[in-house]
């Protein structure tokens with residue numbers, strides 16, 4: 001038995017106007033200082049005011065939100081008693097909003113105790129609206145929560161089905177402000193969600209179509225959005241693709257690329273949307289990886305799974321070149337010497353092996369495999385094991 005979960009999704013031009021019609025008395029917006037500085041917070045507050053809602057703003061969410069930040073936000077919610085939680089921003093703000101919402105409803109929990117197995121009993125106090133301003137994480141359509149334990153230097157991948165937002169507002173108006181580098185990084189993140197959601201061992205009929213369509217849209221529209229931020233069609237399609245990819249992978253599961261990427265992000269603070277190496281690793285395992293399906297959907301050569309995987313890897317690398325992305329960890333971390341990277345390898349491997357997403361990988365990873373994947377990805381070497 002399986003379940004498919006989704007928010008009510010309001011998308012397209014002027015989707016933000018939906019806020020004018022929600023019913024409630026008080027909202028608490030979770031966001032970051034950049035959203036305040038750009039004026040996005042005031043735009044959302046004005047829409048909420050039209051609906052008759054007072055709004056308090058917590059704009060202290062940092063990139064890769066910490067457990068401490070989540071506790072502070074939850075404490076403010078307990079003080080303000082909102083009946084709507086409004087997440088505004090990229091994945092960090094939306095994930096933080098979900099975690100704060102859980103602790104607001106369940107103040108007996110610590111952030112690190114959030115898990116998908118317990119009955120949390122949410123929506124006794126509030127519901128949640130998620131408004132993404134980047135086209136990448138798909139957090140607006142998922143129940144995933146990624147937090148950072150700053151003391152241990154690792155990311156915690158958690159969440160609970162109950163914290164799927166009630167409403168996701170996918171309005172491209174905010175995404176139009178993304179600079180090229182952020183456009184590329186978030187777009188590649190969304191592609192990772194789509195590919196891993198389709199190839200993970202927890203894939204299913206309901207998530208498959210979403211992942212395939214998202215991947216197709218990203219290959220078509222990411223180069224356009226990167227080359228011309230004023231391309232309204234490309235911006236809208238990428239925003240929709242990110243939401244579709246999020247909806248797809250959360251109803252299957254991400255896999256090894258996320259486990260390794262989360263670890264790399266926690267230790268070195270780089271985006272985690274890089275997956276050719278894990279595709280190559282899976283393809284050498286001797287079992288079907290479903291990469292041929294994706295390749296055929298993208299009109300790439302795919303006579304069998306091996307050729308499909310090779311075609312997909314080649315296409316991803318070509319896409320990364322088009323958006324001027326790094327093709328190796330070494331390129332992504334030019335200030336980190338090989339010796340410095342080697343010194344952190346044990347931590348990288350430990351973090352990856354503790355990440356929940358690693359369990360759904362198409363090929364099992366030993367500690368030795370995980371270590372070698374990091375080493376090969378650092379150098380940009382094709383996987384031969």
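When 215, 168 are checked against the criterion of being surrounded by 24 or more Cβ atoms within 10 Å (Cβ to Cβ), more than 18 Å from residue 255 (Cα to Cα) and touching a helix residue (DSSP H, G or I) at 6+ places or on another chain (Cβ under 6 Å), 168 stands alone in meeting it. The selection criterion, being in contact (Cβ under 8 Å) with a residue 60 or more places away in the chain and either assigned by TED's automatic domain parsing to the domain that holds residue 205 or under 16 Å from residue 197 (Cα atoms) (or both), does not hold for residue 296.
Inspection of region 138-149 identifies at least one residue that is surrounded by fewer than 23 Cβ atoms within 10 Å (Cβ to Cβ), at pLDDT 90 or above, assigned to a loop (DSSP other than H, G, I, E, B) and in the same structural domain as residue 65 (by TED's automatic domain parsing).
The values are calculated or read from the model by the stated rules, or taken from the named source; none is laboratory data. All of these numbers come straight from a predicted model, not from anything done at the bench. Ideal geometry is used to build each Cβ from the backbone, glycine not excepted, and the neighbour counts take in all protein chains shown.
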